[in-house]
Structures are given as structure tokens and as C-alpha cells.
Amino acid sequence: MPPAAEHVPWRWLVAGRASRRLVLVVVFVALLLDNMLLTVVVPIVPTFLYTTEYEGTNSSVAPARTEPAPPALKAPPFSSMFSYFDNSTVTVLGSMSAVDLANGTESSHPPQPLASSPPLPSGCPEGKEFLAKENIRVGLLFASKALVQLVTNPFVGLLTNRIGYHIPMFIGFIIMFLSTVMFAFSGTYTLLFIARALQGIGSSFSSVAGLGMLASVYTDDFERGNAMGIALGGLALGVLIGAPFGSVMYAFVGKSSPFLVLAFLALLDGALQLCILQPSKISPESTKGTPVFTLLRDPYILVAAGALCFSNMGVAMLEPTLPIWMMQTMCSPKWQLGMAFLPASISYLIGTNLFGILANKMGRWLCSLIGMAVVGISLLCVPLAKNIYGLIGPNSGLGFAIGMVDSSMMPIMGYLVDLRHTSVYGNVYAIADVAFCMGFAIGPSTGGAIVRAIGFPRLMIIIGVINIAYAPLCWYLRNPTAKEEKIAILSQECPMQTKSYTTQKTLRDFPLTDDSDVEAENAE
């Protein structure tokens, strides 16, 4: 083989490591798999727990309750009447008398069953009290991921400032793979809870490192907005595929099947990260980032984080409560429980990709304001649905509006850091992920208890009104003020126009070749 041919794969790998687009692909795939695992459990867990715990318990005692009583001596004295006219016995309350047995005759009327509650429509699960309690348990299980991620995010932000983004990204892949395998083979609530919490740790590493990496690679504000929109498209696609994929695979193949498929895809993602990111290479930031507590005192960052939190809290409350509400009121089969989220997922995918570009032109603050108002209106309409088709409109509006908010707020976070702080992004995207996780922690953990106390429709009214009331606060992001040393950045008329920012020292994370340090020194 000629020497030139031997170096072709190596040259392609070097060129790939120097490409910002391949970095975007890595982040896209990581967010895709994370959110597929996030939503694939939504239709599986409620029905799995109902099947294993309620039906399993009741099926074991059912034979004892259905065995007929001995007909001879335990029948009440008025339960049958003997006729001397035709030597037959007429049964009154549904059992045969001792005289009837002695004569070998049968009753002239069929046995009448004892009075019982009216039968449920076909397909409706029994055990309404169990389902009411399950709202709380399922909500806590779903919230465990976000709660763990909430605690882990600040530490991951500090870690990325010290060692760069590549190693944390790969750590996130390893933890995500272990969590997926654990989901596949967990058969109890406790093991499912542990797997969900473990996923929160892996998601924290992947999300914070991935978004921070994109912000550091795409320094132009317009390009950064487009890149964030594409990356959030991976998040949207994961949400889109997860719930329907999980419900169909669980109904027709089995519980472990969707998780084993995700584990295989996670291995492919790990191989891609090894090729592109070089996770063994430590690449600390050239300057010290702004501390997390300083960023948390910034009112503009708090407003943006609040928009992320409350807009996502609505869909977070729907995840554990909507499938159970559908089981109770619509008698929905297993496959419909995940399909109900399909309109929201499709519209979220459209919204993030569309407004990744449009939000920069119309104003990201305005895009977020409109999005939060639409989120609130959509949530108010969800309880009006009488069947799965009635959920299409509200869920579509909900997903589209959350896409508007997410695709606007994520670039604003990076923009505010460039404008008011040091241009190092690990901590600010840790805050953004914390806000996202607070929505997914508070929503499921409190949603189940609120549903049990006041009902599902009133829960939707509460969270819908909160989103509508918060929407006007996005107006304050219209014209954020800069620090004195960066006041020249606001020389343009529109505060959200395209701007490029250079950090205090040239970033040398990309290209990720072994000769990158030499090339940087020659350039200087």
C-alpha cells in the first residue's frame, strides 16, 4: 500500500478534530441519547409498576376469592324454596338447597350474582386508589434524575474550567451507558429509582460540557445561536423518539428492549467521542471563569434561568401525571400513553430549529415572552381533552412554545456572559442546566401530590397561570446593560444583533491535533 494511502484515515481524523461541525455532531448525539433515555421511561414506568405490583398482588389472591362456597349447608335458610307441585326447587338468592341436591333437580332460575359495583369500561385499569398513590411514586422517580443533576451541575461547571470539556463529556457517556443497562434489567421500584438518579449524574456531565464546548467554539453570536438551535434539535429529537419508541417497544417486545437499543447507540456515541474529542487530553480554560455565585447575583441571568425553569416545568408535570390521567379517564392502552407526547415532541423539534434563526432577528426576549404565554395557554387546554385526539392541539402548542423559549434562552446565557462577565461558559451553562433541572425536579415531585389533593385539571391551571404571569419578565432581557469595560459592545442599535467576542487569550482546544501547540506559538 502506498504511504499516501496509509495516511488518508489519519488525515481525515485530524481534519475531523479541527472541524466545528463535527463537534456540533458529537454534542447533538449526546443530547439525543440523554433525552431519549429521559422520555423512554415515561410510558413504561407507570404501566410496569401497575402490572408488577397491583396486578401481581391481586392475581395471587384472586383464586381464593373466586372459589364458590360449598353449596350444601352454608346456604341461608331462605335461599331456596321446594315446590311439591312439580318436585323442583326454585332458587331465590343464587345457591342450591340441600333438598334440591337430594332430589337431583336443578333450579328453574339461573343463579343471581350478588350486588357489586358497576363494571369498568373495557380497557380501564382497576385500583383507582393504587393509581392515585402511584402518581406520587412515579413523580418522585422521575424527579430523582433532575434532583441529582441539580446537585451535580455546579461541580461539573467548576471541573470544566479546570480540565476542559472533553473528559467530562466522556465521563457522561460512561455513566449514561451504565444507567441504561441498569434500566433494562431492573425489576423493582428501588432499582429503577437508582438507575434514574444515576442518569442524572451522566446527564449533568454531558449537558454542561456539551453546551459549554459549543459556546467556546462558536464565538460569533449569530453562529452560536444557530449552533445552539441545532444542538437543542438533538434534545428535541430525543424527546420526540423516546416516549413513542418506549411505549411501542414495551407493548409489543418487552420492557428491556428499548433500553438495550439505547445502550447500543450509547456505545456508538462513545466511539465517536474517542475519535473526535480526544477525552484523554486535558485542556483547561486560558482564563479564570466568573464564579457561580457571582453569576447567580446577575438579575438578567436569573430572569433567563427562570424562563427556562417555568416553561419546562409544565411538560415535566405532564410526564408522570398525564399517562395515569389517561388510564383513569380515557382507558388508554399502553401504546397510547407514549404517543400522547408525540405532537409535543414534533412541534418542539420544529420550534428549536426554526427559532434558532428567527429569534435572533425578531429579538430573543420577544420570542421567549411569546413562548411562555403560549405554554400557559396550552397547559390550560390539556384537561379539556376527552380522548387522545383532543391532546394533539394543546401538546403541539406546548412543544412549539417550549422550543421558542429554549432556543432563545440558551444563546442569551452565553451572550450575557460575554457582555457582563468573563467569556468562560462552563459555569453559566451549569446554571442554565440547573434551571432546566429545577423544572424537572419540582414538577414531577410535586405534581403527583397536587393531583392527588386537587386533581389533574387544577394542576394544569396552576402551572399555566404561572407561565402566563412570568412571561412579561422576559421584557427585561430586551436591553441588558454591559459592564464599563465592555460598554463598546453595545454601540449597535439592536442589543441582540450579531456580535463576535474574543476571549482574553486564544482558545487552543480546536484543532485537537498533537501539533496544535506548535502551530499556536508560530501564529503568535
Practice task
Determine the relative contact order of the stretch 139-232: mean sequence separation of Cα pairs under 8 Å and six or more apart, normalised by residue count, in whole percent.
Solution key: 38 percent
Fill in the blank from the handout: Taking r as the C-beta separation of Thr481 and Ile357 and R0 as 22 Å, the FRET efficiency to the nearest 0.05 is 0.25
Fill in the blank from the handout: the stretch 352-393: Kirkwood hydrodynamic radius (Cα pairs, Å) comes out at 11.8 Å
Exercise for the section: Pop a pseudo-label 7 angstrom from the Cα along the beta-carbon direction at both Ala449 and Val151 and give the gap in nm to one decimal. Expected result: 1.8 nm
Completion exercise
In whole angstrom, the spacing between the Cα centers of the stretch 246-280 and the stretch 429-475 equals 30 Å
Practice task
Would you calculate the separation in nanometres between label points at Leu302 and Ala469, each defined as 7 Å from the Cα along the Cα-to-beta-carbon direction?
Solution key: 1.7 nm
Problem - Separation of the Leu268 and Thr190 label points, Cα + 7 Å toward Cβ, nm - result: 3.7 nm
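Only the coordinates and a few stated rules stand behind these numbers; no lab work does. Everything quoted here is computed from the prediction, not taken from an experiment. For neighbour counting, all protein chains shown are included, and Cβ atoms are generated from backbone atoms with ideal geometry for every residue, glycine included.
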